[in-house]
Amino acid sequence: MKQHLSHIKEISTSFSTNVLECKSINNIEPLFDKLIPGKLNFIHLGLQKYMDSWNLQKRIHDMNKNLNIPDVVLFLEHDNVYTFGKNADKDYLLESHPNADIVQTDRGGQVTYHGPGQLVGYPIINLNNYKKSITWFMRTLENVIINTLKSYNIESYTKEGLPGVWVEDDKICAMGVRIARWVTMHGFALNINPDMRYFDGMIPCGISDCGVTSMDEQLHDNVDKKELIRKIALQFDLLFNNR
């Protein structure tokens, strides 16, 4: 087991929030012993293929349902991929889209793009320990992002009936989840500085009269990804762990 521990690091944040780092999904097993029962834990996985991380999500989801692992949020980026929600309209992915993998998923929502420069968060949380309310979970997840963006002086909002977080009429963070036996999976995709051409190849989330933006477009400045992860983890701590 010791040979795997070199892959695992801890990033300390204020309020005793720790983010574990593990760049290899194949070496993640020893990390499970470092998770704190009764708390929401955080793991940063770096750049990962979509299918590898989806399989990991399903594995952790099953373990959480069976009470074998605490609640956890996975932070990562993906290689270029378009994903469809389980009832998505395939016509929302345009024939002109750039080359990327295409994956049918089991989450809600329409077509979504993931790629480098976009921070993806997968909260695998047992709502039996919080509130058994899909609406509460989605609003809290949106507030995690809104509060984080506010720390960068980016004013963002929600739109009634449209999951995600918006800056005026441009979506900056997409959201889509799946909940089984009150355990969540999938989550959010926050645009830091992705290749925006990939969004031109689809109708994001099936909404044709709204655009897409990024933190880079709003700030015109570089965003330190590890600092961003620390800030998001802190908001999760404040809104979930200290509920």
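The values are calculated or read from the model by the stated rules, or taken from the named source; none is laboratory data. What you see is a predicted model, and the numbers here were worked out from it, not measured in a lab. Ideal geometry is used to build each Cβ from the backbone, glycine not excepted, and the neighbour counts take in all protein chains shown. Quick note on the areas: whole protein, heavy atoms, side chains included, nothing else; ligands and nucleic acids left out. Shrake-Rupley method; radii C 1.70, N 1.55, O 1.52, S 1.80 Å.
Only one of (1) 49, 35, 35; (2) 48, 41, 31; (3) 63, 59, 43 was calculated from the structure for Cα extents along the principal axes in Å, and its label is (1). Hydrophobic long helices, here whole DSSP H runs in the chain with Kyte-Doolittle means of at least 0.0 and Cα atoms spread over 18 Å or more along the helix axis, are found at 134-150. What shape does the range 40-105 take by its C-alpha gyration tensor, where a ≥ b ≥ c are the square roots of the eigenvalues and a/c under 1.5 counts as rounded, a/b above b/c as prolate, and the rest as oblate? Prolate, since a/c reaches 1.5 and a/b exceeds b/c. For Ile192, the residues whose amide H sits under 5 Å from its own are Gln118, Leu119, Met215, ignoring neighbours fewer than 5 places away on the same chain, with H placed 1.01 Å from N. Net length available on complete extension from Tyr152 to Asn99 is 15.8 nm, with 0.36 nm assigned per residue and the Cα-Cα distance removed.
Under the combined filter of DSSP loop state and at most 15 neighbouring Cβ atoms within 10 Å, the range 35-104 retains these trypsin sites (Lys or Arg not before Pro): Lys49, Lys86. Residues in the range 118-129 carry Karplus couplings, in order, of 10, 8, 9, x, 10, x, 10, 10, 8, 5, 4, 8 Hz; the curve used is 6.51 cos²θ - 1.76 cosθ + 1.60 with θ = phi - 60°, and Gly or Pro positions show x. Since only His97, Ile69, Pro194 are under comparison, the one whose Cα sits farthest along the positive direction of the charge dipole of the chain, derived from C-beta charges on Lys, Arg, Asp and Glu, is Ile69. Averaged over its residues, the chain has an accessible area of 47 Å² per residue, based on protein heavy atoms and a 1.4 Å probe. Most simply put, the chain has about 65% antiparallel DSSP beta bridges, counting only bridges with both residues inside it.
State whether the range 73-173 is rounded, prolate or oblate according to the following rule on the C-alpha gyration tensor (a ≥ b ≥ c being the square roots of its eigenvalues): a/c under 1.5 gives rounded; otherwise a/b larger than b/c gives prolate, and the remaining case gives oblate. Judged from the Cα gyration tensor, the range 73-173 comes out prolate (a/c at least 1.5, a/b above b/c). Our note on the geometry: Cα centres of the range 67-109 and the range 111-139, 13 Å apart. Of the solvent-accessible surface of the chain, computed with a 1.4 Å probe over protein heavy atoms with every protein chain present, carbon and sulfur atoms account for 46 percent.
Taking the Cα centre of the chain as reference, the dipole from Cβ charges on Lys and Arg (+1) and Asp and Glu (-1) amounts to some 1240 debye. When the Cα positions of Tyr113, Gly211, Asn143 are compared along the charge dipole of the chain, Asn143 comes out farthest toward the positive end, with charges on each C-beta of Lys, Arg, Asp and Glu. Per-residue ellipticity at 222 nm from helix content only, as computed over the chain with -39500 (n - 2.57) for each DSSP H run of at least four residues, stands at -6500 deg cm²/dmol. Taken along the Cα-to-beta-carbon direction at a fixed 7 Å, the label points for Asp224 and Asp52 span 2.7 nm. The trypsin sites (Lys or Arg not before Pro) of the range 112-207 meeting both criteria, a DSSP state outside H, G, I, E and B (loop) and at most 12 other C-beta atoms within 10 angstrom of the site's C-beta, are Lys132, Arg181. Under the combined filter of DSSP loop state and at most 11 neighbouring Cβ atoms within 10 Å, the range 9-109 retains these GluC sites (Glu not before Pro): Glu95. Full extension of the chain between Asn129 and Leu238 yields a length gain of 37.7 nm, computed as 0.36 nm times the residue separation minus the alpha carbon distance.
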